[in-house]
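What follows is a set of notes on a single structure, which appears directly below.
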Amino acid sequence: MKRPSLYFSDEHHLFRQTVRQFIETEVVPHTGEWETNRRIPVAIFRRMGELGYLGLPFSEEFGGVNADFWYSVVFLEELARCGMGGFTTAVSVHQYMAINHIAKAGSAVLKQRFLVPAIAGEKVAALAITEPDTGSDVSAIRTTALRSLAGDEFIINGTKTFISNGTYGDFATLVVKTRPDAGTGGISLLVVDLDSPGITRTKLNKMGWHSSDTAEIRFDDVRVPVNNLIGQENKGFYYLMESLQLERLVAAVMAVSGAQLALDWTLTYLNEREAFGKKIGTFQAIRHKIADVATEIEMARQFVYHTCWLFMQGEVVVKECSMAKLAASEMQKRVVDTCLQFFGGYGYMEDYPIARAYRDVRVGTIAGGTSEIMREIIAKIIIDAVAYKPVYDGVDARL
Ligand SMILES: Cc1cc2nc3c(=O)[nH]c(=O)nc-3n(C[C@H](O)[C@H](O)[C@H](O)COP(=O)(O)OP(=O)(O)OC[C@H]3O[C@@H](n4cnc5c(N)ncnc54)[C@H](O)[C@@H]3O)c2cc1C
């Protein structure tokens with residue numbers, strides 16, 4: 001039954017039903033195939049493009065829907081209910097972590113070449129920050145993009161790793177050093193076609209998130225037109241720091257929904273499985289744990305919704321987004337572990353989705369900023385009174 005909500009209207013509710021049906025009929029039935037192949041077919045991106053799902057926050061001028069952020073929240077919640085962390089990641093990275101930079105600060109030409117086909121699901125995007133020697137410390141990246149003698153191209157050298165959509169994706173928002181000696185003031189964002197000469201992609205073998213492809217990408221003298229620069233040269237670090245709010249909020253929304261899904265599977269099982277002549281859902285030891293799990297999920301959900309609301313008001317929400325990512329991803333890890341326990345031996349069998357959830361959930365406190373880094377950010381804000389200011393002056397921070 002639909003309950004009154006501070007945040008969601010009847011239209012959002014209808015949209016939820018539509019997305020849920022899409023996930024149940026066009027995604028979930030392919031779980032086995034996509035997880036085994038360790039790949040998502042491009043056709044599903046095209047289908048989501050057709051349905052408008054890949055352009056929810058973006059302007060209609062580029063094929064987007066220009067919908068308020070609650071539509072994105074609904075979409076991400078329903079997406080996570082596919083029960084395949086890999087698919088959820090591939091889609092959310094594409095829309096909310098890679099192409100959002102082009103929508104915000106890219107030139108008109110970049111928008112036509114990359115944003116428009118990405119919203120249509122014709123091109124798949126990646127965000128490439130992490131390198132073999134550095135992940136948490138973005139300022140220490142070593143991949144360089146130096147101007148050619150003629151000055152019309154950047155020549156890129158270096159290696160990125162753990163890049164989602166990096167193996168089969170079409171292009172990347174690439175984080176590079178354009179002034180290698182300048183620390184955070186020398187970082188820029190470039191759009192790079194992943195089929196460019198000089199690029200070598202190696203698919204990585206992961207513990208979970210099997211349907212998402214994750215790559216190491218090497219750049220050897222890869223030439224890219226200077227016009228592929230997103231926004232201003234050497235401002236990339238600040239663009240990234242601001243967009244990481246959205247990235248962390250997206251991760252938090254999906255973590256809460258993923259935890260709820262694990263609980264829903266478990267509630268069904270508690271009513272099916274019997275031990276000692278009774279449904280296992282009648283044992284108090286289990287019931288109390290389930291009550292704890294449901295409480296943890298609900299507490300996290302309400303804080304995440306509140307942070308979404310602040311974000312929609314255009315507030316700088318670095319503290320709340322970091323808290324939301326930290327609390328929701330740690331909570332999801334605990335919840336999935338507890339839920340798996342109540343499936344007994346079946347919980348350890350690959351035929352049961354809770355086993356996949358257990359593998360998938362582990363990376364939640366690592367990717368997109370580790371829990372330790374979230375705590376560092378929160379501590380800096382509350383102990384050292386570090387303040388964050390908006391970077392994209394005059395540009396909608398919600399994109
Ligand atoms: C499946 C998967 C998909 C990913 N997808 C992408 C992607 O699409 N694009 C992308 O750019 N990256 C991606 N990543 C990379 C991810 O964001 C990084 O792994 C993460 O930021 C941590 O960086 P790291 O692995 O280099 O760990 P490190 O930075 O080497 O950290 C190692 C350990 O030290 C801790 N640590 C580091 N600094 C501190 C500190 N100051 N205080 C306390 N503890 C600290 C960390 O928390 C961690 O526990 C992905 C990773 C995985 C596993």
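Tabulated data for the structure shown
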quantity: Top of L149, L115, L263 by mean-square fluctuation, Gaussian network on the chain, Cα under 10 Å; calculated: L149
quantity: Helix 236-270 vs. the chain, principal-axis angle (Cα, 0 to 90°, nearest 10); calculated: 20 degrees
quantity: Helix 371-383 vs. the chain, principal-axis angle (Cα, 0 to 90°, nearest 10); calculated: 80 degrees
quantity: Lys, Arg +1 and Asp, Glu -1 on Cβ, resulting dipole of the chain about Cα centre, debye, nearest 20; calculated: 560 debye
quantity: Between helix 284-312 and the chain: long-axis angle, C-alpha atoms, 0 to 90°, nearest 10; calculated: 30 degrees
quantity: Overall form of region 153-268 per C-alpha gyration tensor (a/c, 1.5; a/b vs b/c); calculated: oblate
quantity: Choice from K111, K319, K289 with maximal GNM fluctuation in the chain (Cα, 10 Å cutoff); calculated: K289
quantity: Structure-based [θ]222 nm, the chain - -39500 (n - 2.57) summed over DSSP H runs of at least 4, per residue, nearest 500; calculated: -14000 deg cm²/dmol
quantity: Shape category assigned to region 10-123 from the gyration tensor of Cα positions, a/c cut at 1.5; calculated: oblate
quantity: Residue pairs, from the table K2/K289; K123/K325; K111/K319; K123/K177; K235/K389; K111/K235, whose Cα atoms sit over 23 Å apart; calculated: K2/K289; K123/K325; K111/K319; K123/K177
quantity: Restricting region 207-287 to chymotrypsin sites (Phe, Trp or Tyr not before Pro) in coil, as DSSP defines it, with at most 10 other Cβ within 10 Å; calculated: F276
quantity: Choice from N157, N66, N271 with maximal GNM fluctuation in the chain (Cα, 10 Å cutoff); calculated: N271
quantity: Within the accessible area of the chain (1.4 Å probe), percent carbon and sulfur; calculated: 52 percent
quantity: Interchain or long-range residues, amide H under 5 Å from L204's placed H; calculated: T214, A215, E216
quantity: Full-stretch length increase - D264, A182 - with 0.36 nm per residue and alpha-carbon distance subtracted; calculated: 24.5 nm
quantity: R0 of 51 Å, Cβ-Cβ distance N227-D292: FRET efficiency to nearest 0.05; calculated: 0.40
quantity: Alpha-carbon centroid distance for the pair region 144-181 / region 36-102, whole angstrom; calculated: 24 Å
quantity: DSSP beta bridge pairing in the chain, given as percent antiparallel to the nearest 5; calculated: 85 percent
quantity: Built amide H within the under 5 Å cut-off of S107, gap 5+; calculated: G231
quantity: Relative contact order [Cα under 8 Å, 6+ residues apart], region 98-158, whole percent; calculated: 19 percent
quantity: Model label zone, R46; criterion: amide N under 20 Å from point 7 Å along Cα-to-beta-carbon; scope region 96-135; calculated: 113-126
quantity: Cα gyration tensor shape of the chain, rounded if a/c is under 1.5, else prolate or oblate by comparing a/b with b/c; calculated: prolate
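The values are calculated or read from the model by the stated rules, or taken from the named source; none is laboratory data. Being a predicted model, the structure only gives us computed values, none of them experimental. Note that each Cβ is placed from the backbone with ideal geometry, even for glycine, and that neighbours are counted across all protein chains shown. SASA here: full protein model, heavy atoms, side chains in, ligands and nucleic acids out. Shrake-Rupley method; radii C 1.70, N 1.55, O 1.52, S 1.80 Å.
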